[in-house]
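Remarks on the structure that follows.
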Amino acid sequence: MIVRTASKMRAHLADFSGKLSCGLSKPAQRFVSEALYGIAARGSVRLSEIGRALEETIPLIKTETRLSRNLGREELREHLGGAVLQEGSAKIGERTLLVLDLSDIAKPYAEKMEYLARVRDGSTGGLANGYWLCQVIGVENEDSAVVPLYSALYSQRAPDFQSENEEIKTALSEVSAACGGRGVWVVDRGGDRGELYTPLLDGAQSFIIRNMGTRHLFSGRRKVETAALAEACPMIYATHIVREEKGKEICRRLDYGFRPVRLPEHPEIPLWLLVVRGLGEQPMMLLTNLPLRRNRKVLWWVVSAYLTRWRIEEAIRFIKQSYDLEDIRVLTYERLRNMAVLVNAVAFFTAVVLGTRIKLDILASHLLKASKRLFGIPNFRLYAIADGIREVCARAPRRQKPTANDPPQLKLEWA
């Protein structure tokens with residue numbers, strides 16, 4: 001069963017790689033196929049590990065050199081990123097959530113990597129050397145099936161860097177164009193910036209953005225701070241949710257209500273401020289252009305959309321941890337950015353391309369580890385599938401070694 005499962009997985013990956021790399025040169029196509037397989041099979045972005053997965057008969061250093069040379073191709077990032085986005089856009093509907101997230105790749109001990117910048121390490125909260133990562137993931141409201149759409153690594157020290165706002169606007173523009181304007185953008189407090197509201201509103205893009213509380217909005221004819229509007233907002237509905245906190249399930253009551261508002265920069269466009277109490281000491285304030293009215297179902301859809309965004313943070317950790325993205329060791333900026341796109345492509349393959357049948361086969365192939373993942377912590381199915389791909393590739397190598405029972409190779413001789 002292991003050999004059959006590994007063969008089916010490799011066939012799926014080869015087909016996916018062919019679609020992504022169509023239009024590239026033959027050497028580039030070969031590299032994309034090798035890189036995707038190596039990352040998936042070894043769960044690593046280190047070129048030495050990718051090279052080992054290829055099981056070539058030449059010295060490993062020769063394989064690494066070839067991989068490194070091809071990873072520096074300038075055309076890879078734009079071509080592969082666009083191809084993954086095009087594949088994923090078919091999964092995006094009018095109400096699919098488009099979760100935009102800024103995270104970091106911390107490299108605290110790196111010294112020679114190109115354009116190293118100071119980032120806030122998400123694991124420690126302190127400053128460290130590293131790079132920023134802008135990602136967009138699609139997901140249906142109150143669902144867990146994710147579609148990795150976009151991933152861009154950048155550094156504020158790179159010569160082509162303009163600003164963080166420009167990086168975010170590029171993600172908004174490219175994803176919106178590929179999806180034909182479909183989807184609802186969901187962004188945390190980092191998205192509460194005037195520079196981002198303008199392109200969203202000008203492009204008629206639906207959005208839900210968490211406010212920090214310091215922004216001023218028009219309520220009627222008055223210009224009021226968001227925190228003050230939230231404090232006076234009537235809570236017209238209530239519900240109970242179960243939330244896991246420190247390994248325990250805690251039941252919490254949520255009260256929520258809304259009021260119509262407008263941005264001072266766009267006074268002609270109606271917006272709504274949805275206020276939720278019960279998730280912390282301060283109320284959660286969500287600014288949206290989705291029409292709200294006094295209806296429990298309508299309001300709860302927006303609340304649950306933002307709560308779904310919280311759950312998707314696990315998917316973002318999956319992409320970084322399952323392929324050990326923070327262990328990236330290439331030195332040039334172009335190779336770093338290309339590797340981030342390749343990892344996103346592997347995550348897309350794992351989450352979207354593999355059919356249900358092959359996923360079940362992979363899970364069954366390493367039942368013990370899968371059960372620990374599925375019923376332990378973290379309870380996230382993609383981790384188990386990524387583990388399973390590594391295991392079936394390890395137990396069923398690409399190059400099968402001959403055994404004593406194999407028939408002898410026939411020799412042809414000329415008379």
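Once backbone amide H atoms are built at 1.01 Å from N, residue 261 has 271, 272, 273 as its partners under 5 Å, excluding neighbours fewer than 5 places away on the same chain.
Just round it to a whole percent: the fraction of Cα-Cα distances in region 29-95 exceeding 19 Å.
Values: 908 of 2211 pairs.
When every Cα pair of region 29-95 is considered, 41 percent fall beyond 19 Å.
For the chain, what is the accessible area per residue in Å² when the probe is 1.4 Å? Intermediate values should be presented prior to the final figure.
Numbers: 20600 Å² over 415 residues.
Accessible area per residue: 50 Å².
Selection among 76, 9, 32 by position relative to the dipole of region 1-83 gives 9 as farthest towards the positive end (Cβ unit charges, Cα centre). On a per residue basis, the convex hull of the C-alpha atoms belonging to region 1-137 measures out at 171 Å³. What label, among (1) 66, 44, 43; (2) 100, 47, 39; (3) 61, 49, 42, belongs to Cα extents along the principal axes in Å computed from the structure on display? It is the one labelled (2). A protection proxy built from the mean count of other Cβ atoms within 10 Å ranks the segments 55-68, 176-189, most packed first, as 176-189, 55-68. Distances between every pair of Cα atoms in region 181-289, grouped in 10 Å steps from 0 to the bin holding the largest one, split as 14, 44, 30, 11, 1 percent. Relative to the Cα centre, what is the charge dipole magnitude of region 219-348, using +1 at the beta carbon of each Lys and Arg, -1 at the beta carbon of each Asp and Glu, and rounding to the nearest 20 debye? Magnitude of the dipole: close to 580 debye.
How compact is region 248-335 by the rule of thumb for globular proteins, expressed as Cα Rg over 2.2 N^0.38 Å? Provide the component values of the computation, followed by the final result.
Details: Rg = 18.9 Å, N = 88, 2.2 N^0.38 = 12.1 Å.
My calculation over the Cα atoms of region 248-335 gives 1.57.
Most tightly packed first, judged by the mean number of other beta-carbon atoms within 10 Å of their residues, the peptides 295-303, 101-109 read 101-109, 295-303.
Here region 170-225 carries DSSP beta bridges of which approximately 50% are antiparallel, counting only pairs with both residues inside. In terms of the mean number of neighbouring beta-carbon atoms within 10 Å, the peptides 285-291, 132-138, 222-228 order highest first as 132-138, 285-291, 222-228.
Can you tell me, using C-alpha contacts under 8 Å and at least 6 residues apart, the relative contact order of the chain as a whole percent? Before the final figure, lay out each step's value.
Details: 672 pairs, mean separation 82.3, N = 415.
It comes to 20 percent, rounded to a whole number.
Between the helical axis of 296-322 and the longest alpha-carbon principal axis of the chain there is an angle of about 30 degrees.
Which value, in debye to the nearest 20, gives the size of the charge dipole of the chain about its Cα centre, when Lys and Arg are +1 and Asp and Glu are -1 at the Cβ?
Working: 61 positive and 48 negative charges, 191 e Å.
Its charge dipole is roughly 920 debye.
Taking the charge dipole of the chain about its Cα centre, with +1 at Lys and Arg Cβ atoms and -1 at Asp and Glu Cβ atoms, the residue from 228, 191, 301 reaching farthest to the positive side is 301. Can you give the angle from 0 to 90° between the axis of helix 164-178 and the longest principal axis of the chain, with both taken from C-alpha atoms, to the nearest 10? That helix lies at roughly 70 degrees to the long axis. Taken about its Cα centre, region 15-63 carries a charge dipole of about 120 debye when Lys and Arg each add +1 at the Cβ and Asp and Glu each add -1 at the Cβ.
To the nearest ten degrees, helix 26-42 and the longest principal axis of the Cα atoms of the chain are 80 degrees apart.
The values are calculated or read from the model by the stated rules, or taken from the named source; none is laboratory data. Just so it is clear, the model here is predicted, and its values are computed rather than measured. Counting neighbours? That spans all protein chains shown, and the Cβs are built from the backbone with ideal geometry, glycine included. The protein model used for the area step is the full one, side chains on, heavy atoms only, and it has no ligands, DNA or RNA in it. Shrake-Rupley method; radii C 1.70, N 1.55, O 1.52, S 1.80 Å.
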